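Peer 1: Following this message is one structure expressed as structure tokens.
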Amino acid sequence: LLFFLVIGIYATYYLFDGTSDIYNKISAIDDLKPLTTIGSLEEGFNWAFTMGLSFMAIFLLPRQFQVSVLENNREKHLKQAIWMFPLYLLLFNVFVIFIAWAGKLTFGNTQNAEYFTLFLPLEKGHSFLATLVFLGGFSAVISMVIVSTLALSTMVSNNLIIPYGFLDKFIKNQPERNSKYIKNIRRISIFSIIIVAYFFYVSFSKELSLYAIGLISFTIISQLAPSFFIGLYWNRGSARAAIIGMIVGVAIVLYTLVLPFTLDAFTGNDSFTQFGLFGIEALKPYALFGLDFLSPPAHAFFWSISFNLLCYLVFSLIYKGNYRERNYAEMYVDSKNFTTLQDSALVWKGEAYVNDIKNVLIRFLGENRANRALNIFFTKYKLPLDTQLADARLINFSEKLLTGSIGSASAKILIASVVKEEQISLVEVLKILEESKENIVNNKVLLEKSQELSQLSS
């Protein structure tokens, strides 16, 4: 950010005489004058859809989720991020348009606009400034690659490779070896992701700019948006409906955005783009159903998110989901009215034995660590150490312990293998939650009474 502001000030006030000077000079050139105008209504739609796409990417991209959720261990950081992150974006974009105008005035169309921040100081012989800008951009790129790769490798290993490929191959009572095995899986995942990303860049960099590649990624990841955002407030959404919606959305993105780019890059044949599938004009990938005024990313985003949302809502009403989905949805949507979902509010009914859960924990955590964790749990909830039957709190506690080592998907599979869960109706869930809510109210009243008595006695 610092170096970007420096190069912005340099381009605006050193190379030119301020913002008005750049504006007047670029407005005087007929070919560049459209860059200074707001544009037509169609361009306004493109801008709006691109803004919506970027908004969703802030919440849904793996690296954003990794930093804002997984690595955030203090709630106060969110309160700071509410104003610091928009301020960061505002400062970062103050000089963007002026750097772009300065680059166009200096180089025309002879240089890639993505490198204007480097080429502008180099053109004037200020190599030291160009070096500082390069180092700033390089550090930002490296940190982005590291966070993105770690997030993706964790997702792939914890949710795909380990639970569905290697979970039964871990050795009992050898936590050190199992931990090493997990690390090797993640290292291989990191290496594979970097190699795949590199070959993707080599294959498409000639046809697509970094900006275009980013928009493709944004459009695909935005297919999580309907179930992600609506699920926060609507308890009727089901997992099957979310999956159907995402499949339909991704399929439309592939058809309207990825497939045309791929065919143009590898075959050079644009007949599919020009005439549509089977020569049907309504199936043109860039003008689906006659909508031809949007840019390819905005066009793909509009149709994919529309069908995704429609499928999610319709199939949520058709498929209500199983008892567990309904119960958790009810708890999550109305969580503010009940106790925290971290510990005691896990609504679970069934039969489980402490020894069985302990054996699972020892398998991955080691005997010492597992015993220490269970002792802390029993002490926290004032339970006897010789407790035989496990309750919902221990089930939830054990899943969280295992999640740190093997991921949530594998943890749920392992815990489910040693417990016998019974169905619990929504009426029972609401009863449990209502009791929990009453306990919170009663505890609050008791605390207020205790404080009043303390003040009177003093």
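Peer 1: So which residues in the range 241-257 are within 18 Å of Leu291 (Cβ to Cβ) and not hydroxyl-bearing (Ser, Thr, Tyr), if there are any at all?
Peer 2: Val248, Gly249, Ala251, Ile252, Val253, Leu254, Leu257, listed by residue number.
Peer 1: If you don't mind, there's one more thing I want to ask. Tell me which residues, restricted to the range 1-50, are polar (S, T, N, Q) and touching a Lys or Arg at 6+ places or on another chain (Cβ under 6 Å).
Peer 2: Within the range 1-50, Ser27 is the sole residue that qualifies.
Peer 1: What residue, among those in the range 67-121 that are farther than 29 Å from Pro34 by Cα and polar (S, T, N, Q), is surrounded by the fewest Cβ atoms within 10 Å (Cβ to Cβ)?
Peer 2: By that ranking, first place goes to Asn73.
Peer 1: If you check Ser157, Ser205, Ser217, which single one turns out to be within 28 Å of Pro260 (Cβ to Cβ), among the hydroxyl-bearing types (Ser, Thr, Tyr) and at pLDDT 80 or above?
Peer 2: Just one listed residue meets the conditions, Ser217.
Peer 1: Among (1) at pLDDT 80 or above; (2) touching a Phe, Trp or Tyr at 6+ places or on another chain (Cβ under 8 Å), which single condition is Ala48 missing?
Peer 2: Among (1) at pLDDT 80 or above; (2) touching a Phe, Trp or Tyr at 6+ places or on another chain (Cβ under 8 Å), the lone unmet condition for Ala48 is (2).
Peer 1: Scanning for something assigned to a helix (DSSP H, G or I) and of a type in the set (Val, Ile, Thr), does the range 27-39 turn up at least one residue?
Peer 2: Yes; the residues of the range 27-39 include at least one that is assigned to a helix (DSSP H, G or I) and of a type in the set (Val, Ile, Thr).
Peer 1: Ok, one more. Among the residues of the range 218-226, is any in a helix (DSSP H, G or I), surrounded by fewer than 18 Cβ atoms within 10 Å (Cβ to Cβ) and touching a Phe, Trp or Tyr at 6+ places or on another chain (Cβ under 7 Å)?
Peer 2: Among the residues of the range 218-226, not one is in a helix (DSSP H, G or I), surrounded by fewer than 18 Cβ atoms within 10 Å (Cβ to Cβ) and touching a Phe, Trp or Tyr at 6+ places or on another chain (Cβ under 7 Å), which makes the answer no.
Peer 1: Just checking, does the range 292-303 include any residue being surrounded by fewer than 16 Cβ atoms within 10 Å (Cβ to Cβ) and either in a loop (DSSP other than H, G, I, E, B) or in the same structural domain as Gly39 (by TED's automatic domain parsing) (or both)?
Peer 2: Yes: the range 292-303 contains one or more residues that are surrounded by fewer than 16 Cβ atoms within 10 Å (Cβ to Cβ) and either in a loop (DSSP other than H, G, I, E, B) or in the same structural domain as Gly39 (by TED's automatic domain parsing) (or both).
Peer 1: Quick one: Trp83 ticks every box in (1) over 23 Å from the mean Cα position of the chain (by Cα); (2) within 30 Å of Leu224 (Cα to Cα) except a single one, so which number is it?
Peer 2: The failed condition is (1).
Peer 1: Scan Arg186, Arg177 and give me the residue that is of a type in the set (Lys, Arg), surrounded by 13 or more Cβ atoms within 10 Å (Cβ to Cβ) and either at pLDDT 85 or above or out of contact with any Pro (no Cβ under 6 Å at 6 or more places or on another chain) (or both).
Peer 2: Arg186 is the lone residue from the list that is of a type in the set (Lys, Arg), surrounded by 13 or more Cβ atoms within 10 Å (Cβ to Cβ) and either at pLDDT 85 or above or out of contact with any Pro (no Cβ under 6 Å at 6 or more places or on another chain) (or both).
Peer 1: Within the range 12-32, how many residues are in contact with a Ser or Thr (Cβ under 8 Å, 6 or more places away or on another chain) and not polar (S, T, N, Q)?
Peer 2: 5
Peer 1: Hey, can you tell me all the residues within the range 2-40 that are in contact with a Gly (Cβ under 6 Å, 6 or more places away or on another chain) and of a type in the set (Asp, Glu)?
Peer 2: none
Peer 1: Which ones in the range 189-200 are of a type in the set (Ser, Thr, Tyr) and exposed (fewer than 13 other Cβ atoms within 10 Å of the Cβ)?
Peer 2: Tyr198
Peer 1: Turning to a different aspect of this structure: For the structure I just gave you, tell me whether Thr262 is more than 19 Å from Glu43 (Cα to Cα), surrounded by 14 or more Cβ atoms within 10 Å (Cβ to Cβ) and either modelled with pLDDT under 85 or more than 17 Å from the chain's Cα centre (by Cα) (or both).
Peer 2: So Thr262 passes the test.
Peer 1: Could you please let me know if Phe134 is modelled with pLDDT of 85 or more, out of contact with any helix residue (DSSP H, G or I) (no Cβ under 8 Å at 6 or more places or on another chain) and over 30 Å from Ala411 (Cα atoms)?
Peer 2: no
Peer 1: So Ala130 passes all but one of these: (1) small (Gly, Ala, Ser); (2) on the phi < 0 side of the Ramachandran plot; (3) exposed (fewer than 13 other Cβ atoms within 10 Å of the Cβ). Which condition number does it fail?
Peer 2: Ala130 satisfies every listed condition except (3).
Peer 1: While we're looking at this one, here's another question. Are any of the residues in the range 269-285 surrounded by 15 or more Cβ atoms within 10 Å (Cβ to Cβ), touching a Ser or Thr at 6+ places or on another chain (Cβ under 6 Å) and closer than 21 Å to Glu43 by Cβ?
Peer 2: Yes; the residues of the range 269-285 include at least one that is surrounded by 15 or more Cβ atoms within 10 Å (Cβ to Cβ), touching a Ser or Thr at 6+ places or on another chain (Cβ under 6 Å) and closer than 21 Å to Glu43 by Cβ.
Peer 1: Could you please find all residues in the range 354-400 being closer than 21 Å to Ile182 by Cβ, touching a residue at least 40 places away in the same chain (Cβ under 8 Å) and of a type outside the set (Gly, Ala, Ser)?
Peer 2: Those that are closer than 21 Å to Ile182 by Cβ, touching a residue at least 40 places away in the same chain (Cβ under 8 Å) and of a type outside the set (Gly, Ala, Ser): Ile357, Asn359, Val360, Leu361, Ile362, Arg363, Phe364, Leu365, Glu367, Arg369, Phe397.
Peer 1: Give me a count of the residues in the range 1-56 that are hydroxyl-bearing (Ser, Thr, Tyr), closer than 17 Å to Ala298 by Cβ and more than 31 Å from the chain's Cα centre (by Cα).
Peer 2: Going through the range 1-56 one residue at a time, the tally reaches 1.
Peer 1: Does Phe191 qualify as being aromatic (Phe, Trp, Tyr) and assigned by TED's automatic domain parsing to the domain that holds Gly245?
Peer 2: no
Peer 1: For a quick check of your reading: which helices (runs of 4 or more DSSP H) sit entirely within the range 227-290 and have at least 1 residues that are out of contact with any Gly (no Cβ under 8 Å at 6 or more places or on another chain) and under 21 Å from Phe200 (Cα atoms)?
Peer 2: It comes to 239-253, 259-266.
The values are calculated or read from the model by the stated rules, or taken from the named source; none is laboratory data. What you see is a predicted model; the values in this text were computed from it and never measured. Glycine gets a Cβ as well: all are built from the backbone with ideal geometry, and neighbour counts include every protein chain shown.
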